[in-house]
Amino acid sequence: MVHCLRKASCVGQWYSAKDKTGEMAKKKHAPSNPACQGCPALCCKDLVVIIMKPRTRAEIENLKWELQFDTVSVFIRNNRWHTETKGTCIYLDENNMCTIYDRRPDRCRRHNPPDCERFGEHYDVMLRTPEELEAYLAGSKSKRKKTRKLRRKH
Ligand code: SF4
Ligand code: SF4
């Protein structure tokens, strides 16, 4: 669910109204974003939440604990931290169509296909395990130390 517009406008057809028999009718509509045509709704198959960068030992331990679950990852994009949890939205049907398209949440409307996971990596750094998180934090700490030393020299 990262910066995607399937939720906004990409679906070629969706179910939103009942026909005379009371069955959900399949409505056609021209996708306003052709970039989403044929995509298996990748953006509806993970949950992304913006988080604060962990700073204290307790925050780091907590995030490491989340990363013990194989459905959870952490990624950083433009210096913003996120958790990403794999799982499918309950409103996505077997044809990868949103069944509540006309009343989908605001967050679903604000996604942006050029940035989405279908078109390449949607992150600058991906951390999948507690060890990767520790290594990343240790690496950025030593980078900061080196930068401070260099500044002091000049
Ligand atoms: S992942 Fe991207 S291309 Fe696929 S449906 Fe979502 S916005 Fe469209
Ligand atoms: S409500 Fe669910 S299925 Fe519909 S667009 Fe949002 S994430 Fe996708």
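Every number here is computed from the coordinates shown, using simple stated rules; none is lab data. Just so it is clear, the model here is predicted, and its values are computed rather than measured. Neighbour counts run over all protein chains shown; Cβ positions are idealised from the backbone, glycine included.
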At q = 0.24 Å⁻¹, work out log10 I(q)/I(0) for the range 54-102 with the Debye formula, treating every Cα as an identical point scatterer and leaving solvent out; two decimals please.
-0.89
Estimated vicinal HN-Hα couplings, Hz - the range 53-64 in sequence order (Karplus 6.51, -1.76, 1.60; Gly, Pro = x):
4, x, 10, 8, 4, 5, 5, 5, 4, 5, 5, 4
In whole angstrom, how long is each semi-axis of the equivalent ellipsoid of the range 71-154, when you take the square root of 5 times every eigenvalue of its Cα gyration tensor and sort them from largest down?
38, 15, 10
Which of Glu117, Glu61 comes first, and how do the rest follow, when ranked by fewest Cβ neighbours within 10 Å?
Glu61, Glu117
Can you tally the net charge around Pro130? Count Lys and Arg as +1, Asp and Glu as -1, for every other residue whose Cβ sits under 11 Å from the Cβ of Pro130.
-3
Potential lengthening between Asp124 and Thr88 on full extension [0.36 nm per residue; Cα-Cα distance subtracted]
10.6 nm
Mind ordering 81-92, 36-47 by average Cβ neighbours within 10 Å, highest first?
36-47, 81-92
Net length gained if the chain between Lys153 and Lys45 were fully extended (0.36 nm per residue, minus Cα distance):
33.9 nm
Residue-count net charge about Val74 - beta-carbon cut-off 15 Å; Lys, Arg +1, Asp, Glu -1:
-4
